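The values are calculated or read from the model by the stated rules, or taken from the named source; none is laboratory data. Every value quoted in this text rests on a predicted model; they were computed, and no experiment measured them. Backbone-built Cβ (ideal geometry, glycine too); neighbour counts: all protein chains shown. Remember, those area values only see protein heavy atoms, side chains included, never the ligands or the DNA or RNA. Shrake-Rupley method; radii C 1.70, N 1.55, O 1.52, S 1.80 Å.
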Amino acid sequence: MKYRSLLNRSLKYLLFIIFAVAMVLYFSASTSPLYPNFKAWDSSFFLVMGREWLGGLTPYKDLWDQKGPAIFLVNLLGFMLTGNKYGVLIIQILFAIVSESFIYKLLRRTLNELWSVFGACLGIIVFSCNYEGGNLLEEYINPFLIICMYFITDWIHKKSKEKPDHNPLCALFYGITFGLCVMSRITNSVAVCIAVLFIVIYLCANKAWGNLLRNAIAFIGGTALAIVPFMIYFAINDCTYDFWYGTILFNLSYTAGANSSLITFIKSATRQIGSYALMGTGFVILFRKRYYDGIMYIAMGIGTQILLKSIFRYDHYSMITFGLLIVSVYELTYTIAENRDIARKMGVFALTGTLLIASYRTGKEIIKMAGKYETYSANPSEEAVAKYRQLIDFSSQIPEDERGSVVAYNANPTIYLDMDISPACRFFAYQDWQAKFSESYVELLNEEFKTKKPLWIIVYSNKDTYIQGILNTEYEVVSSEPEFSSLEDNTLTLYRLAQ
């Protein structure tokens, strides 16, 4: 009997591994060997940060970005594993396995072993709907969000007015998750924060003051565990302000200038199926007179949607709704299994609709990635990779013995990886895009280039840059050519520091 149990567990986790590997290999075009010619801007940026951090440079002080350091740490660990992007691929697979394991544990409360394993394996494929090439912030925070949802739903079904207590160890994990969101993108924690607020309200309403205090201490402690090590590291490296400017302060300006149109938001609805599904689940639960639970789920869904409406419409931002989709499936199957009245019929209808929409969206993503494989596989069409090859060929004019002082301005950061060069300035990519959100950034940008004076600057633009004054007075144009098939009349210009 023990042998049979061990065999079942082994088979279960073997399936988790197989599906995790398949998902990451197929959908993470930025790190998968299946897409050697896919040159992802964001992922490559993080890979450069990880490689250079491992090589001795300090994030924010020597290389700057508007993200928290957690994503840079993941990429550093990836380079520690293999010395290239495939180390990051391994970490992605491990995170996917953790997600599957807790999806399984959550579904197992209402479904049998077979359906729970099936749900976990297919669930991780649905995760791809907002993947956008992989190695992005939300991918690494999602396992933490799913585990939080596992703890939160457990408390929801066990609580009562007589026993309202919430486990402080779970609050500790919520705090760690919140801290990691602060160290990546703080808005990723919106659903967990709303859930924590509802837990606080419940404990206050039932006068569980002692338990509330223990949970508050645990949450604060968990947050500190995730944030303080980074604070200490950057304080030791004398860049505390730069760290907070990149992690929080710059993003206040960024968020203030961000908003998606209503039409774009509506068109993206299927990518955010998790938050809509949780809202619908909340209304189904209200029919069972679980008023607190229903209102909490509705608030989590609405809060997430308000957030996504208020920021730029990048598909991977909506990846945080994936955990809400899993909660919705769990709660609907629970309702269907426990009831025989109208709530059960509503649950069947809501679950069927949710699964159909999720299946449709996943199918579209699978077809889309099949096209990406054709485009960026080992034998791509010349046109598909022409622009990037032009950038590499154009940059190859820089003598090899002078490539220790190069900055690619507004150009694809993958160039640093493929040409094996380290950025000569901390603002090494997305310069003009970031500059349009912050005057303080523009000042820092110009100060950096005036001070560092890189020998070579490769500029990709169709207009004057935010450092045009420096380029005009201190640099000379060595070469210039229009970008291949550019729809925006972009030009590649190679500048060299004047003698």
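Filter the cross-link list LYS158/LYS207; LYS67/LYS309; LYS85/LYS463; LYS387/LYS450; LYS309/LYS368; LYS39/LYS436 down to pairs whose alpha-carbon distance in this structure exceeds 28 Å. Can you show the working numbers first?
On the way: LYS158/LYS207 17 Å; LYS67/LYS309 20 Å; LYS85/LYS463 33 Å; LYS387/LYS450 30 Å; LYS309/LYS368 25 Å; LYS39/LYS436 24 Å.
Result: LYS85/LYS463; LYS387/LYS450 exceed 28 Å.
Between THR375 and ASP420, what is the FRET efficiency for a Förster distance of 22 Å, r being their Cβ-Cβ separation, to the nearest 0.05?
0.30
Suppose all protein chains stay in the model; what accessible area per residue would a 1.4 Å probe give for the stretch 104-147, in Å²? Before the final figure, lay out each step's value.
Values: 1360 Å² over 44 residues.
Dividing the accessible area of the stretch 104-147 by its residue count gives 31 Å².
Please give the length that would be gained between LEU497 and LEU307 if that part of the chain were fully extended, namely 0.36 nm times their separation in residues minus their C-alpha to C-alpha distance (nm, one decimal).
Fully extending the segment from LEU497 to LEU307 adds 63.9 nm.
Spin-label point model (7 Å from Cα, Cβ direction): what's the ALA384 to LYS105 distance in nm?
4.0
Under 18 Å between alpha carbons, and skipping anything fewer than 8 positions from LYS452 in its own chain: which lysines qualify?
LYS61
Antiparallel versus total DSSP beta bridges in the chain: what percent is that, nearest 5? Before the final figure, lay out each step's value.
Details: 13 of 19 bridges.
About 70 percent, rounded to the nearest 5.
If R₀ is 35 angstrom, what is the calculated FRET efficiency for the pair LYS207 and THR255, using the beta carbon separation as r and rounding to 0.05?
Details: r = 38 Å, r/R0 = 1.08.
Step by step, r from the Cβ atoms, then E = 0.40.
Restricting everything to alpha-carbon atoms, can you work out Rg to Rh for the stretch 363-434 with a Kirkwood hydrodynamic radius? Please report the intermediate quantities before stating the final value.
On the way: Rg = 15.3 Å, Rh = 14.2 Å.
Using only Cα positions, Rg/Rh for the stretch 363-434 is 1.08.
Over the chain, what relative contact order in percent results from Cα pairs under 8 Å that are six or more residues apart? Could the numbers behind the result be given before it?
Details: 740 pairs, mean separation 80.0, N = 499.
Across the chain, relative contact order equals 16 percent.
Relative contact order for the stretch 401-447: what is it in percent, counting Cα pairs under 8 Å that are at least 6 residues apart? Show your work: numbers first, answer last.
Working: 42 pairs, mean separation 16.5, N = 47.
Relative contact order comes out at 35 percent.
Once ligands and nucleic acids are excluded and a 1.4 Å probe is used, how much of ASP464 is accessible, expressed in Å² to the nearest 10?
Rounded to the nearest 10, that gives 110 Å².
Considering only protein heavy atoms, what per residue accessible area in square angstrom results for the stretch 429-499 with a 1.4 angstrom probe?
Working: 3730 Å² over 71 residues.
Computed with neighbouring chains in place, this is 52 Å² per residue.
Checking the a/c ratio against 1.5 first, then a/b against b/c, what shape does the Cα gyration tensor give for the stretch 1-130? Please list the in-between numbers first.
Details: a/c = 2.47, a/b = 2.31, b/c = 1.07.
The shape class here is prolate.
Ignoring everything but the protein chains, give the 1.4 Å probe accessible area of LYS387 in square angstrom, nearest 10.
Rounded to the nearest 10, the figure is 90 Å².
Decide, for the stretch 424-496, between rounded, prolate and oblate: order the square roots of the alpha carbon gyration tensor eigenvalues as a ≥ b ≥ c, take rounded if a/c falls under 1.5, and otherwise choose prolate if a/b is larger than b/c, else oblate.
On the way: a/c = 2.12, a/b = 1.28, b/c = 1.66.
Because a/c hits 1.5 or more and a/b fails to exceed b/c, the stretch 424-496 counts as oblate.
Provide the gained length on full extension for the span LYS450 to TYR86, in nm with one decimal, where the gain is 0.36 nm per separating residue minus the Cα-Cα distance.
Details: separation 364, 0.36 × 364 = 131.04 nm, distance 3.65 nm.
Contour length minus the Cα-Cα distance gives 127.4 nm.
Take the solvent-accessible surface of the protein heavy atoms, probe 1.4 Å, and return the percent of it on the chain that carbon and sulfur atoms account for.
Values: 14010 of 22030 Å².
Answer for the chain is 64 percent, counting heavy atoms of protein chains only.
Limiting things to C-alpha atoms, what are the Rg and the maximum Cα-Cα separation (Dmax) for the chain, in angstroms?
Spelled out, the Cα radius of gyration and Dmax of the chain are 24.5, 84 Å.
Could you give the nm distance between label points at GLU474 and SER359, where each point is 7 Å from its Cα heading toward the beta carbon?
6.1
Do any trypsin sites (Lys or Arg not before Pro) in the stretch 140-216 lie in a loop, going by DSSP, with at most 13 other beta-carbon atoms within 10 Å of their beta carbon, and if so which?
Values: sites: LYS158, LYS159, LYS161, ARG185, LYS207, ARG214; in loops: LYS159, LYS161, ARG185, LYS207.
Here the sparse-neighbourhood loop sites are LYS161, LYS207.
Could you tell me whether the stretch 94-171 comes out rounded, prolate or oblate from its Cα gyration tensor? Rule is a ≥ b ≥ c as square roots of the eigenvalues, rounded for a/c under 1.5, then prolate if a/b exceeds b/c, otherwise oblate. Spell out each step's value before the answer.
Working: a/c = 3.09, a/b = 1.55, b/c = 2.00.
Here the stretch 94-171 falls in the oblate category.
Working from the pairwise distances between different alpha carbons, so that the mean of 1/r is found and then inverted, what is the stretch 27-94's Kirkwood radius in Å? Walk me through the intermediate numbers first.
Numbers: mean 1/r = 0.0836 Å⁻¹.
With all distinct Cα pairs of the stretch 27-94 included, I get 12.0 Å.
With labels modelled as points extended 7 Å from the Cα through the Cβ direction, what inter-label distance (nm, one decimal) is found for LYS345 paired with PHE118?
My value for the distance between the label points is 2.6 nm.
For n ≥ 4 DSSP H runs only, could you compute -39500 (n - 2.57) per run for the chain, divide by its residues and tell me the 222 nm figure to the nearest 500? Please report the intermediate quantities before stating the final value.
Values: 21 runs with 319 residues, N = 499.
The helix-only estimate for the chain comes to -21000 deg cm²/dmol at 222 nm.
Under the rule of at least 5 residues apart or a separate chain, name every residue whose amide H is placed under 5 Å from the amide H of THR491.
SER461, ASN462, GLU483
Can you spot the aspartates and glutamates whose alpha carbon is less than 16 Å from LYS159's alpha carbon? Ignore those fewer than 8 places along the same chain.
Filter leaves ASP293, GLU331.
Tell me, what is the percent relative contact order of the stretch 362-499, built from C-alpha pairs under 8 Å that lie six or more residues apart? Spell out each step's value before the answer.
Numbers: 177 pairs, mean separation 30.2, N = 138.
In percent, rounded to a whole number, it is 22.
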